[in-house]
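For reference, the structure is listed below as C-alpha cells.
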Amino acid sequence: MRGQSIGTFMAPVFVGVTGGQQQFACTTVTNPTNCSNGKTIVPTEADRAIVGTANPSFTMGVRNSATWNDIDASWLWRGEFGGKVLNNTALVYLTKSDAAQGRNFLRGAIGIPDNVHEPAKYSTRWIEDRTFVRLQNVTVGYTLPKAMMRGRATRVYVSGDNLALFTKYSGYDPEVYVNLGIASRGIDYLTYPPTRNFTIGARTQF
C-alpha cells in the first residue's frame, strides 16, 4: 500500500462467527449494501484496515559466556518484538469447508463454530503477533589437560542450536521466510520450521 512499509497487512477486521458465518467490521459508508449493525459477511475493499506489519518493532540479542577451571560455556538469546505474521496455513487448512471439498484439514477445524460450507476468508482472524524469544545457541566446552595430550592445547565441546522458542504464535515458528519476493514477507504457508541441531567436536593445536 502506498505510504506504508513493505510487509504491511491490510485486511478485513474479523469480529466473530454468527450462525456459522464469519462476521467482519464495516460501516454504511464503506459497505452501504451489506453492512448491518457494524457487521457484514461480505466485506468490501473499503472495509479493510491496516492491521500491522511483518517488520518487528525492535530486535535484541544477548550473548554471554562463563569459564570455571577448564570448563567454558556460552549462550545466545535472540528475539524480535512487535510485528505480525499471517498464518496462511491455518487460513487454508483450519476450515470445515475443506471436508465438503474432499480436502485434508487440521484437526482443530472440528472445534470452530464455522458452518461446513463457510469458505476460508482472509482477515485479521489469521494475522497473529510474531513476537518471540529464541534460545539460539548453547555451547559447553572442556579443555583437556596438556599432559594428557602431550602438551597440545585441546578442547572438546558440544553445541546446540535452536534449543527453545517462546512465543504465543499458534503456528510452528513466527520467524518465517519464504523466498518468493517481498510480497511474501511475514506469510507462513506450509513453511518448514528451522531444525534443532547438535554438534560434537574437538579442536587441537599441532
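The values are calculated or read from the model by the stated rules, or taken from the named source; none is laboratory data. Not measured: the values here are computed from a predicted model. Cβ coordinates were reconstructed from backbone atoms using ideal geometry, including for glycine residues, and neighbour counts include every protein chain displayed.
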Close pairs (9 angstrom Cβ cut-off, 6 or more residues apart or separate chains): closer than 28 Å to PRO145 by Cα in region 193-206, at pLDDT below 85 and surrounded by 11 or more Cβ atoms within 10 Å (Cβ to Cβ) anywhere: ARG203/ALA153; THR204/MET149; THR204/ARG152; THR204/ALA153; GLN205/ARG152; GLN205/ALA153; PHE206/ARG152
Within region 52-79, considering residues that are surrounded by 16 or more Cβ atoms within 10 Å (Cβ to Cβ) and at pLDDT below 95, the one farthest from PHE9 (Cα to Cα): PRO56
So ARG78, is it in contact (Cβ under 8 Å) with a residue 40 or more places away in the chain and of a type in the set (Lys, Arg): yes
Test result for ALA120, more than 30 Å from THR154 (Cα to Cα), assigned to a helix (DSSP H, G or I), among the hydrophobic types (A, V, I, L, M, F, W, C) and modelled with pLDDT under 95: no
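For (1) closer than 19 Å to ASN88 by Cα; (2) in contact with a strand residue (DSSP E or B) (Cβ under 8 Å, 6 or more places away or on another chain), each residue gets a yes or a no:
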| position | (1), (2) |
| --- | --- |
| GLY16 | yes, yes |
| GLY19 | no, no |
| CYS26 | no, yes |
| VAL29 | no, no |
| CYS35 | no, no |
| ASN55 | yes, no |
Candidates ARG155, ARG134, ARG103, ARG125 - the one that is part of a strand (DSSP E or B), closer than 29 Å to PHE14 by Cβ and not aliphatic (A, V, I, L, M): ARG134
Count of residues meeting criterion [assigned to a strand (DSSP E or B), closer than 28 Å to GLY3 by Cβ and free of Cβ contacts under 8 Å to residues at least 60 places away in the same chain] in region 16-48: 2
Conditions (1) closer than 30 Å to GLU45 by Cα; (2) surrounded by 17 or more Cβ atoms within 10 Å (Cβ to Cβ); number of the one not met by GLY141: (1)
Breaking point among (1) surrounded by fewer than 17 Cβ atoms within 10 Å (Cβ to Cβ); (2) on the phi > 0 side of the Ramachandran plot, for GLY7: (1)
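On the basis of being farther than 30 Å from TYR157 by Cα, among the β-branched types (Val, Ile, Thr) and in contact (Cβ under 8 Å) with a residue 12 or more places away in the chain, does THR53 make the cut?
On the way: farther than 30 Å from TYR157 by Cα: yes; among the β-branched types (Val, Ile, Thr): yes; in contact (Cβ under 8 Å) with a residue 12 or more places away in the chain: yes.
In short, yes.
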Residue, farthest from TYR93 (Cα to Cα), within region 191-204, restricted to residues that are surrounded by 10 or more Cβ atoms within 10 Å (Cβ to Cβ) and more than 29 Å from the chain's Cα centre (by Cα): THR204
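If you take the residues in region 14-45 that are small (Gly, Ala, Ser) and surrounded by fewer than 17 Cβ atoms within 10 Å (Cβ to Cβ), which one is nearest to ARG125 (Cα to Cα)? Let's see the steps before the verdict.
If we filter region 14-45 for residues that are small (Gly, Ala, Ser), which is where we start, we get 16, 19-20, 25, 36, 38.
Cutting the leftovers down to surrounded by fewer than 17 Cβ atoms within 10 Å (Cβ to Cβ) gives us 16, 19-20, 36, 38.
Numbers: GLY16: 9, GLY19: 17, GLY20: 15, SER36: 20, GLY38: 17 Å.
Taking the candidates together, the pick is GLY16.
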